[in-house]
Structure formats: C-alpha cells, structure tokens
1. I want to confirm something. Restricting to region B:301-316 and keeping residues that are of a type outside the set (Ser, Thr, Tyr) and surrounded by fewer than 21 Cβ atoms within 10 Å (Cβ to Cβ), which single residue is nearest to B:ALA333 (Cα to Cα)?
2. Among the residues in region C:172-181, are any within 14 Å of chain B (Cβ to nearest Cβ), surrounded by 16 or more Cβ atoms within 10 Å (Cβ to Cβ) and free of Cβ contacts under 8 Å to residues at least 40 places away in the same chain?
3. Sort out which residues of region A:226-265 are in contact (Cβ under 8 Å) with a residue 60 or more places away in the chain, of a type in the set (S, T, N, Q) and within 23 Å of A:LEU315 (Cβ to Cβ), and write them in order of number.
4. Pick from B:ASP90, B:ASP152, B:ASP97: which is closer than 27 Å to B:CYS267 by Cα and within 14 Å of chain C (Cβ to nearest Cβ)?
5. Quick check on my filter: what residues within region B:41-87 are within 14 Å of chain C (Cβ to nearest Cβ), in a helix (DSSP H, G or I) and either within 24 Å of B:ASP330 (Cβ to Cβ) or in contact with a Lys or Arg (Cβ under 9 Å, 6 or more places away or on another chain) (or both)?
6. Just wondering, is there one or more residues in region C:121-129 that are over 16 Å from the mean Cα position of the chain (by Cα) and within 12 Å of chain B (Cβ to nearest Cβ)?
7. Restricting attention to region B:233-240, does a residue exist that is of a type in the set (Val, Ile, Thr) and surrounded by fewer than 18 Cβ atoms within 10 Å (Cβ to Cβ)?
8. Please determine, by comparing only the residues of region B:368-394 that are part of a loop (DSSP other than H, G, I, E, B) and among the hydrophobic types (A, V, I, L, M, F, W, C), which one is surrounded by the most Cβ atoms within 10 Å (Cβ to Cβ).
Amino acid sequence: MADLTLDAVEKYYGAYHAIKGVSLKVEPGEFIVMVGPSGCGKSTLLRAIAGLETISSGKMTIGERDMTHEPPWDRGVAMVFQNYALYPHMSVRDNMGFALKVARCPKAEIREAVENAAKTLRITEHLDKKPRALSGGQKQRVAIGRAITRAPDVFLFDEPLSNLDAALRSQMRVELGRLHKQLDATMVYVTHDQTEAMTMASRIVVLNEGKIEQVGTPLELYNHPESLFVAGFLGSPKMNFFDGKIVDVAGKALTVAVPGMPTPITLTLDDDVQAPAFDSTVRLGVRPEAVRVGGDIPASIALVESLGNQTLLYLDAGALNCVEAESSDGFITAQLPSQHRYTLGDTVQISWSPDMLYLFDTSGRRLCTPRLAVAK
Amino acid sequence: MKPIIGMLALAPTIVLCASVASAQEIKIWTLVQEGMPEFMEGTISTFEAANPGVTVVNESFPNEAYKTQIQVALTGSAPPDVFFNWAGEDAARLVRDGLAADISAYGASGYAKTVGEGWLSSFAFDGANYGVPTDAVSKYFYYDPAFFSDNDLSVPETFDEFLATCQAIRTIDSSIVPWPLGNSERWKLNHVITMLNQRVLGLDALAADYALTAPDDELFTNPGYVEAWQKVVDMQDAGCFQDAPNATSPEASRSMFAAQVSPMIYCGTWCGNIFQAEGYEDFEMFRFPALTDGAGDPGGQFLVPQGYMVSSKSEHPELAAAFISHIVSDEGARDFAEQIGGIVSNPALIDEVDGTRWFKFFVSDIATATESVNVIDVLLDASVANAYLDAGVEILNGTMTPEDAMTTIREAALAAKSG
Amino acid sequence: MKPTPILKPRQSVGVQIVQNQSVLVLPALLICTVFIFIPAFLTIFGSFYAFGLTSQNWEPVGFGNYVRAWNDDVFWIALRNNIIIVLGSIVLQVGIGTVLAAVLDRGISFGQTFFRVIIFMPMVISAVAVALIWLIILDPNIGILNAIVKSVGLSPPKLGWLGDPSISIWMVLVVAAWQYTGFMMVLILAGLQAIPNHLYEAAALDGARGFRAFWSITLPSLRNVLVVAILITTIGGFKVFDLIFVLTNGGPANATQVLGTYIYLQAFTLTNMGYANAVAVVLLAIAVFLGWLQLKVSRRS
C-alpha cells in the first residue's frame, strides 16, 4: 500500500495534447475512479501511471520514489486490462504466477501466492485450465488474480468490466469493492460507466479533454458539481438543463426567468462564488428526481418507461425546452418513485422541488447547488 | 423422302473432303539451330510445290529438352511423322521399341541415290534403313594463331607436344587458362574421353565393350581405359584446364576463347559461327593430337551423324520418306550446307556452297579422315553412359582415380548387360 | 382418395439437396481423379514393373524396384540431400525469416513496406530464373561472388561454388534461402502482428522484457504459424526439383542429387521408368505423411 502523486503531468502525441497538466494525490488505500467521456485522456493517464506511455513533462511518485521515468516493471504497479490480456498458452496458474517466476521467486512461494489469490477470487478449481476454457467473468477474475499475486503498491484497472454482460458487471462491482476492503490496497480504476464510479470509488476524478474537472467523493460530485460538465456527466438519467436569464440579484438570492416557465425561480448563491451580473445568461439544472407531478407547468407525456421501482416520463412542455437533453427533442425527463399509470399524450402539470436545483454561468461554472443534509 | 435425298447429295462431298484432308499434312520436328528456320522454310516450300495438296508443318525444339520430348511424343497418340535424331544408341532404342518406321522401301527412288552407303549405315539396323543422316558434327581444337606466333608456340601434333604446349602457356603467364573446359553439363569432357579411348585403344578394341557384347570377365577390363582417363589427369596436371571445369558452363568456356582470354578450345564444328557472332573470327583449327604409343588410328576423327527418322505411327510414311529424300537431294544438301553450315551427307554440289573459311576447312579436312569416332554417350547404354559422365566429373574434381572410375563404369556395364 | 402426403415432399427436398451437393463436388472430384488419383495409381502400379519410356512391354518385377532402391547408394544420397535441404531450410528460411519479421515488426519504424517488398521479391521469380541468376553469380570464371571473395583477400573454392561436391549442396541451400526466406518472413510477420499488444504490455508489467518476452510471449503465440512454416519448408524441401535441376542437375557426380532430380534422371535420361516410379512412390509416401501431419496440426490450432 502506497500513495501515488501526479504533479503537473503532461502528455503529448506529436502536436496532440492528450493530458493537460494533471495533478492528483492518491492516499494510501484509496479507491480512485477516473471517469470521463471517450477521448478524455483517462486511459492515457492510467497507462502513463503504469509506464506503458511516457510522461512528456511533470512528475509522478509512488510512495517516496520518483517513478516518472522508471520502466513499467520497476514501478510496483499491476494492471488489469479491459480484454484481460491473459497469456493464452499458459494455464491460469502460470498466468497468475508469471511475474513472480520472472522475478525468480522460489517455487513454493509462487505456489502459495497463486493459491491464496485464487482462493480470494474463488477460482481455485480453474487453476489448471487454459484461459480459452474460461468464461468472460472467470477470465477477468484471473486477470485480477494475476495482479493480486504480485502484491503491488498500486493496482491499476483499465475498464475491466466493460467486456462483461450487465448482470456479471454488477456482481463484479460488488466483488471488487469487497476485494478493495480485504486487500486494503491503493487502486486506480478507469471507467466510462458512472454507475461503477458512483458505487466503488472512495473518490472520483472526472476528466474532460485531458484536464481534471473535479475530484471528490461520489456524493460531493453528485450534489456539488463544480461545473456544468460534471453535473451533466454524473447522474442517470441525466440532469435537465434550461437556459434562462438573471432577472434579479438581491444579496445571495438570484432570480432566474426561464422562457416557458410561468414563474421565475429564486435560488441561493453558493458561499464561495461571485454573483452573476443582472440579465446575464445562465443555465438551470434540474435533476430528473426533482421533477414532481402537480404544479403550474403543463406538459404532455411523450414516452413512459416503467421500471418497476420507478417510472421515467419524457415530457413535452411546449416552449419550455430542455437543452443538452438525452433525447434531442428537448423533452424533460422526470424520475418518479414507484409505479404510475400514464397514457401517452396525456397532459400533466409539473413543478420542481426547489432544493434540487442547480445553476451554472455561461462558462459552465457552478453558481448555485442544493444544500442537502448528506453533503460533506 | 426429302432428307434422304439431301444426305445422298452431301455424301460425295464428305468423302472428298476426308480424302483430301488425310493426304495433306505431315508434321516434322527439328532442333532449334542457327539457320534452321530459313532452311526449313525454303525446303518446305519447294517440297509443297512439287507435291500439290501436301502441307508440311515444322515444329522446332531446343536441344536440352529434345531427347525427352521426342520419346514422350513418339509413345503418344500424335507423334510427328518426321523427326530429328542423333545416330547411335538413342536411335537404336527407338528401333528396338518399334517406334521408328523401316523406310528401306523408299530409298531406291529417293535418298539412296544421293547419300552413300557409309553414311546410311549410321541409321541402319539389321540391314534396314530407319533414317537418313543429313549431316554430321565434328570437333576440332580452335586456337588463337596470333597468340601462338607471338609466343613462338607451334601447333601440337602429338599428345606429349600438347601437354608441353599447356605448360608453355602457363610459363608465359600462369593466369592464362590454355584450354577452358566447360564441363558443368558433363558432355564436354565426355567428348574428350571419347577421343582418348579411340586414340589409346583403337575402335576395334572398343566395339565389344561399347556394345556390351564382351564376356562378363572381359567387359571394360582393358587397361587402356584407365590409361585414357590418366591422360585427362595428365592434362589437368599440365595446367591445361582452369580450376573449376565442373562449375563452368560450355557457354562460358566458349566465351573465354572468343574473348581471347584463352588461346585454345576443343569445340564442335558449330562453334566457328558462334565465335564469329561473339566478334572473333581470326582463329585456326587443328585435329585432336595423335598418341605416339596408342593403338588407335591417328586419322580417326570425332564424327556424330545426325538426321531424320520416320515415326512407325505415321499415316504417310511414303510422304515422310519423300520429304527426307528432298532434304538430302543435291539442291537440298547444298542449301543445308549453306544455311546451316553442316558437314552434309550429300556433297555433290558442295563446290557451289558459299561457306565460311572454317566450313570449307571442315569439309575438306573431314574428307581426309580415315575413321569416324562416334561419341560415348550416343553409343553406350544410357546407364553406362551416365557412369562415364559422372566418372569424368569425379576425375576432374580429384575425388576418383582412373582405376576407381573404371571400377564404377565396369559395374554399371555389368548391371546393364544383365538387366 | 389418396391420403395427403405431408412428410413426403419434405423428405424429397432433403434428398434433392444432398444430391445437388454431390453434383457440386463432381468437377473437383473429376479433376482430382484425372490429374491426381489416376497418375498416382499408375505410378504405384508401374513401380512393380521394369520398363523404359518407349518400351512396348512391361516386365513384372514385384518389389524388385524397391529392393534396388534400398541397395542404391545414389537413392540414399538423394534422400540424405533432401533431409539436409529440409533441415537447413528450416534453420535458414524459418530462422532468418523469424528474425527479419521481428525486426520489421518492432525493430524499425520506417520503410517497413519497402523492406518487406524487397525481401519478398525473390519469391515471385520462378525457380528456374533464380537458378539462372545464381549460376552467373556463382560462376568460377566471371561470377561476382568469386570477385568479392578475392577482393577481401580470401580465396574462393578451387573447384567452384557449385563444382566442389563438399560445398555445392550448401550453395543450393543458400540459393533456396534467398528465394524463400522472404515468404517465411511475411508469413511470420502476419503471425507477429496478430499477437495483441496487450500481451506485451502485461508482460512488461510482469517484468518480462527483451529476450524473456520473446521467449515467453512471442514464440508461444507464434507456435502455430511456426509449425505451418516448418511444414511448408519441409514439404518444399522434399519436393524441390526445378532449382537443383537448373543449378547443378544433381551434380557434381550426384553431390546435389535429390529425389526429384533422381526420379527425372532415372525416368528420362536412363529410361528406367519402373525404377523411377518406385522412387516416386517413396517420395509420394513421404509427402502424404507430411501432408497428413500438416492437416492434423492445422486442425488442432
């Protein structure tokens, strides 16, 4: 178990700037999940930590040692790959013990390490099989086992669950969480799946276009996104956004008028931000779970998704148009707890619960976030 | 009723067509050779003019593949009517296997009037003619008279003088190869040992061994055979050849002489035209040297008759024989000598031929030869000939002694005789 | 009233399909029969007779031709030469091919296509042309190899590269390697490029690098490609004919004789057709065995 520090790490591919000055301190035993859309640089950053990509400038340390220019095998890191990268001609046992064998560990020691790891991952009965005889989930366990056997300072995971089906994925999520507690190891995990990020991370790092957007616990990020990007990226279904204008500033109270809404909305400015100018354009964010049936905004039901424990409504509110919506039609997404019967084309009246509203300025910076009891 | 009348009306036409078609065409196989296409074109057109309704189709093949191809073709269903062949064992085997036609019956009115008995005997078996020789190839030493006179060398007449000439040339400049031997295809040295066998033993002593008719305990036991091989070793020891004769192609050795890099070469009568084509024609010729203590006739001259045979499957043997007679007619032989440069079997109009200097020399010199020596690989059974060819390679490489060579040849001869 | 057949039409459709399928393989079967099975049968049949190319009658000799082969030194020399060519070609063609492929795959970053084309080029030349080119290069009087060897102060073999019986078979190996190494390289390069990069990355993290990575990752991943390459080389080594026929015609004095050229010599020069057939049957048996091995190995992979 060791800490990992990135200090102003940059990565260029020729003229292409892939990582733009990333600094991050990972505490010993932390489970860090890096998320972001495709091409945000999260995998590149992970591979740079592993030593599979060079670091163009900046510094990286693991424990006390400067690892910036060390080769992969000297960094004390182990990596689990998306497509497992198991050696196809070796048995599971040999796959898991390969690193120790290369390091010329005594045979008995290798055997013990492999069997302990196998027990932890419940793959003991597969030890003498070849990888091609295993299912996807079993392969991924072997890949994880290979990392565990080496007892590295830092575990690196590169989208390890994305090749598995949905059921296996949620099962493996739980197991990885359990494994993290059991091993008490430092782990860096890359995914594009926000559910994995929310459920497993000690802290989430949101990356966008090679830069860190925000670092924090899952709920910090959910409740207090620093930017429009984070707010939009975390949460499923996605937050509803509406463009509006500041029509009144009174101390910390901001009043926003959104075209299509019958009444302006008043929000409280966060403590650490500057108030926006009068008449400036802002973007209002409403989580789907904050949309309530009953109120003063008429909307017709365009689509109903009944999930059993919840019901998703896609609402056409006429002039009140959602921007950056999941459906391109500008529908508003509402997430209602439990089951409801709605018919397509019915008109309902909706409103928002005022403590679940977010406000961002034109550059995407946070202005207002809800004050929720669970935060911090 | 109508259809029958129609058929009757057509019937004579069909018969007519069939008879004309079947009488019309003969196919001839020739060797690719300088002047051959021109000669064939001319002789075919005069033959066709003299025999209305007859078409002669000429197909020609390169030397290397010919021996195999003609055998395969003759056993097939559509062999050529007339085909080129060398006199000797190859021709004899075709006769034994019934693939060549006896054309004696067409001789009196044709080729026998122009080609002498001696020549015809080269394609005669058991008193019957199976082919007609058109010409013969011979071999001479070509030399560079300028080099010889510059270095006060004289033309060697005996074998010992020849060895001395080699040594003298090496003394002048050790890097000069007196006689480049291109033995990569094995037949170059075979021609030499052919002559040495004749010079050492004489043709009469050879005949029974070559024909495999000698008793088993005498077959190829004459010490003269070893002596003949020893002469090859002597020549090698005298520095006559270059270091790697078995890796040198005949073409390369000819080019060495044509480029005047080497002053001598033992080469066929066809070589003169090749040297000329490569830009050298100031050469002179001398015969294979005599052996002072040899049993053979020193006037014996290398001579391989070659000519045309008729397939036993030919539908028109008379026409085929007539075409051969046309080739060896006085005018045919004259054109043959002029266009191909062959030593023709019918010399009636040889004085009319406007040949090269060396052609005229060959014709007049061969006329003075007292006996003709046919080449070993043409005379011998194929497996014995192969043993002779391989032995030559091994002697030049120093991997066999003359005694070893004759042991393996004798074994091959015994095996061939019993099987 | 006839009962309506419900199953019958379906059955007949099924039969019809089977019939159609057998019709589809008929042309291939016919070609195989005419060009492979009948000649192979005739060869085996003829190997029990003594006859020449132009003989009218065949004399039955039982296993006589096979006994003759057993007692024939040249037959064993030819077989030994085939084995030398097979083993030598595996070392030279597959070995150098692997090294070249590895260099092209990872070692150099520019001109890959250029080098690949250059090295592959001899493969597209016919063996006869290759042999003729090398005859000139190896000529003891005018050849460039002699000139090069002399220019660095060494002396070339006195009897010539192809004239010295102790050297000539090795020169044949070199010429064959010159022609086919490029093909092996392309084959192995394809195998190398099919190895996922993740494996090397995983190996790098596991500490395996350089030769260790080649030994533990590359070679085992290439196993099937290498087995196929070795089998192709082996079969080629037994089938070789044209290259040697033109280069040395089995000489000097059988030093480079292989089964292919020996069959030709016996059949067409010495006109021992029956004996040539027997040697051809031996070669056929070797080829069939190797073909079976290739099929078996490629099925397993």
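1. Result: B:LEU303.
2. So far as region C:172-181 goes, no, none of its residues is within 14 Å of chain B (Cβ to nearest Cβ), surrounded by 16 or more Cβ atoms within 10 Å (Cβ to Cβ) and free of Cβ contacts under 8 Å to residues at least 40 places away in the same chain.
3. Once the filter is applied, which keeps residues that are in contact (Cβ under 8 Å) with a residue 60 or more places away in the chain, of a type in the set (S, T, N, Q) and within 23 Å of A:LEU315 (Cβ to Cβ), region A:226-265 yields only A:ASN240.
4. Answer to the check: B:ASP90.
5. If the condition is that a residue be within 14 Å of chain C (Cβ to nearest Cβ), in a helix (DSSP H, G or I) and either within 24 Å of B:ASP330 (Cβ to Cβ) or in contact with a Lys or Arg (Cβ under 9 Å, 6 or more places away or on another chain) (or both), then B:GLN71, B:LEU74 are the ones that fit.
6. Within region C:121-129, none of the residues are over 16 Å from the mean Cα position of the chain (by Cα) and within 12 Å of chain B (Cβ to nearest Cβ).
7. Yes.
8. Filtering region B:368-394 for residues that are part of a loop (DSSP other than H, G, I, E, B) and among the hydrophobic types (A, V, I, L, M, F, W, C), the one surrounded by the most Cβ atoms within 10 Å (Cβ to Cβ) comes out as B:LEU380.
The values are calculated or read from the model by the stated rules, or taken from the named source; none is laboratory data. Bear in mind the structure is a predicted one, so any value in this text is a computation, not a measurement. Backbone-built Cβ (ideal geometry, glycine too); neighbour counts: all protein chains shown.
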